1. Kindly flag which residue pairs out of A:Lys93/A:Lys255; A:Lys149/B:Lys70; A:Lys168/A:Lys262; A:Lys168/B:Lys68; B:Lys24/B:Lys100; A:Lys149/B:Lys73 have an alpha-carbon separation exceeding 26 Å in this structure.
2. Can you pull out the trypsin sites (Lys or Arg not before Pro) in the stretch A:153-217 whose DSSP state is coil and whose Cβ has at most 12 other Cβ atoms within 10 Å?
3. Need one value for B:59-69: mean number of C-beta atoms belonging to other chains within 10 Å of its residues' C-beta atoms.
4. Give the average over all directions of the projected area of the C-alpha convex hull of the stretch B:1-88, one decimal, in nm².
5. List the GluC sites (Glu not before Pro) in the stretch B:1-50 that DSSP assigns to loop (not H, G, I, E or B) and whose Cβ has at most 12 other Cβ atoms within 10 Å. Which are they?
6. Averaging sequence separations of C-alpha pairs under 8 Å and six or more residues apart, then dividing by the length of chain B, give the relative contact order as a whole percent.
7. Suppose only helical runs count, i.e. DSSP H with n ≥ 4. What mean residue ellipticity at 222 nm does that imply for the protein assembly as shown under -39500 (n - 2.57) per run, divided by all residues and rounded to the nearest 500 deg cm²/dmol?
8. Would you mind giving the mean number of other chain beta-carbons within 10 Å of the Cβ of each residue in A:262-271, as a whole number?
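FYI, it's all coordinate maths here, none of it is from the lab. Here the structure is a predicted model, which means the values were calculated and not measured. We place every Cβ from the backbone using ideal geometry, glycine too, and count neighbours over all the protein chains shown.
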Amino acid sequence: MKMEKEVILDKISFRKKVEQLSNLPTLPNLLDKFTRMLKDPKTSMAAFGKELSKDQMLTSKILKLVNSAFYGFPGRISTVTNALVLLGYDALKGLIISSNIFENLSPEAYPLWHHSVTVSLASRAIARELSLPDIEEFAVAGLLHDIGKVILHVEASEEYRTVINQAKKAKQPIWQTEGEILGFDHANIGLWICEEWKLPKKLTIPIGYHHMPAAPKEYHMRVAVVTMADILVRSMGGGAEDDLPLETPDPIIEKQVPLTLKQIRKLIEGIVPEFESLKRLAPKEIN
Amino acid sequence: MKENIPITDVKPGMLLAKAITNDKDMTLCAEGTPLTEDLIDRFLQMEIDSICIESNKEMSQEEYLALKEKIEKRFVASYNSNSLLGKIKIALLGHLESHKGSS
């Protein structure tokens, strides 16, 4: 039997631990090489795909991911070059990162994985409903929006469990409790890490500001789509930490993502079957 | 209610709830098609892992009320029915209502 251990949170050491994290998770060297290749205008998509295909582990991971039932491409994608053309480089890079990071998540944090994948689906669905270009980038921003939480779970699991319990007791959103304890929240951590990984701003800003959608100077629409997806999934009971109450969203969300009641209903109808079927998948199956 | 299920759990007679398309978005099997052994075999050959079927599971009154209460609890922040949260709540309750058993 598992006993609930009461952990007294040492705020100072926890904060120190988290601050030192920003240089912990590193990207495979390979990605650095690819980033350099892409900066060279002479590199063609096909040449890049060919180079990427040389790494078998990475190739099989990418193909497994893009072909998995929930990623949502109809039909089979059999080459990395195809995946690259369909997703674009930025989305693909985000996907590779997410599969590396989610791999280390303990089964106990499974709801966080479920939440991330459904927010990804919802972000894509909202972007599609609004006829926005590059919907795969929205999907990846959704997938990575809580990457800060994943890192907290992986690197400071005991302390983070205490934070979650405290949020539940206070019945307040988790990011507010994190802010009170750490002075920063999981979105801030996500922003540091993504900047460290040199992800483009169109991805780092929605990740870093999904709880403060009016704060950034640019990419308001992208932030609003991911925040809206997060609210929608949590309203369906798909939050990463049980049923914490929904906070009143910033008015900028409705301004940027003006969805009608009919559109919201349509989005819910579309997301529910995936939401339910994902519950049956274990996290291991995506990696 | 629509439900995604692994292809290995699909039985003849189930109704396809979402069209099967190829990579060019061409419909190969339309929504609403009753599934047969042959069709299921073809899906297996096409290496389709899961499909969306119309499940005939109806929600009981108790399940409906329990889910409704859970939704109500999530919406504690102040808002009016015209606001974003208001619209989401109405849409969710509408969705729930539409899957309630008729009895």
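1. In this structure, A:Lys93/A:Lys255; A:Lys168/A:Lys262; B:Lys24/B:Lys100 exceed 26 Å between Cα atoms.
2. Those satisfying the criteria are A:Lys171, A:Lys198, A:Lys217.
3. Per-residue shielding by partner chains comes out at 0.
4. Averaged projected hull area, Cα only: 8.5 nm².
5. Answer in residue order: B:Glu47.
6. In percent, rounded to a whole number, it is 29.
7. -17500 deg cm²/dmol, from helical runs alone.
8. Across the residues of A:262-271, the mean count of other-chain Cβ atoms within 10 Å is 4.
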